[in-house]
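Below you'll find the structure, written out as structure tokens, and then a few comments.
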Amino acid sequence: MTAALRAVTAYTLHEHPELRRIYAVPYAGSAASVRVLEKVGYRCEGRMRQSAIKDGQIIDQLLYAILRDEIETA
């Protein structure tokens, strides 16, 4: 999954030079999703409290993003 995210991120920024950032909003309890994002270089920018409903429960989401400059220097 890490290789796939890395490839999609690079492809998207290459094909869309106007984009400055890509972001993702995993559920706060999804450690595997968070780990994949971090391994690719996405950074946590915050927690969106009570922003989603999953299985009838109100849960938090995290905001992860990567900037074009961070990809180009990696």
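The values are calculated or read from the model by the stated rules, or taken from the named source; none is laboratory data. Only a predicted model underlies this, so the values are computations on that prediction, with no experimental measurement involved. Cβ: placed from backbone, ideal geometry, glycine included. Neighbour counts: every protein chain shown.
Restricting attention to the stretch 29-49, which residues are assigned to a strand (DSSP E or B), farther than 26 Å from ALA7 by Cβ and of a type outside the set (Lys, Arg)?
Listed by number, the residues that qualify are GLY46, MET48.
Is it true that ARG47 is within 9 Å of the chain's Cα centre (by Cα) and of a type in the set (D, E, K, R)?
No; evaluated as a whole, the condition is false for this residue.
Out of (1) within 21 Å of THR12 (Cβ to Cβ); (2) at pLDDT 95 or above; (3) surrounded by fewer than 16 Cβ atoms within 10 Å (Cβ to Cβ); (4) not aliphatic (A, V, I, L, M), what's the single condition that is false for TYR64?
Going through the list (1) within 21 Å of THR12 (Cβ to Cβ); (2) at pLDDT 95 or above; (3) surrounded by fewer than 16 Cβ atoms within 10 Å (Cβ to Cβ); (4) not aliphatic (A, V, I, L, M), TYR64 breaks only (3).
Please work out if GLY41 is surrounded by 13 or more Cβ atoms within 10 Å (Cβ to Cβ) and either of a type in the set (S, T, N, Q) or touching a strand residue (DSSP E or B) at 6+ places or on another chain (Cβ under 8 Å) (or both).
Yes; evaluated as a whole, the condition is true for this residue.
Only one of ALA52, ALA10 is on the phi < 0 side of the Ramachandran plot, assigned to a strand (DSSP E or B) and surrounded by 12 or more Cβ atoms within 10 Å (Cβ to Cβ). Can you tell me which?
Exactly one residue qualifies, and that residue is ALA52.
Can you tell me which residue within the stretch 13-33, out of those that are exposed (fewer than 15 other Cβ atoms within 10 Å of the Cβ) and small (Gly, Ala, Ser), is farthest from MET48 (Cα to Cα)?
ALA32
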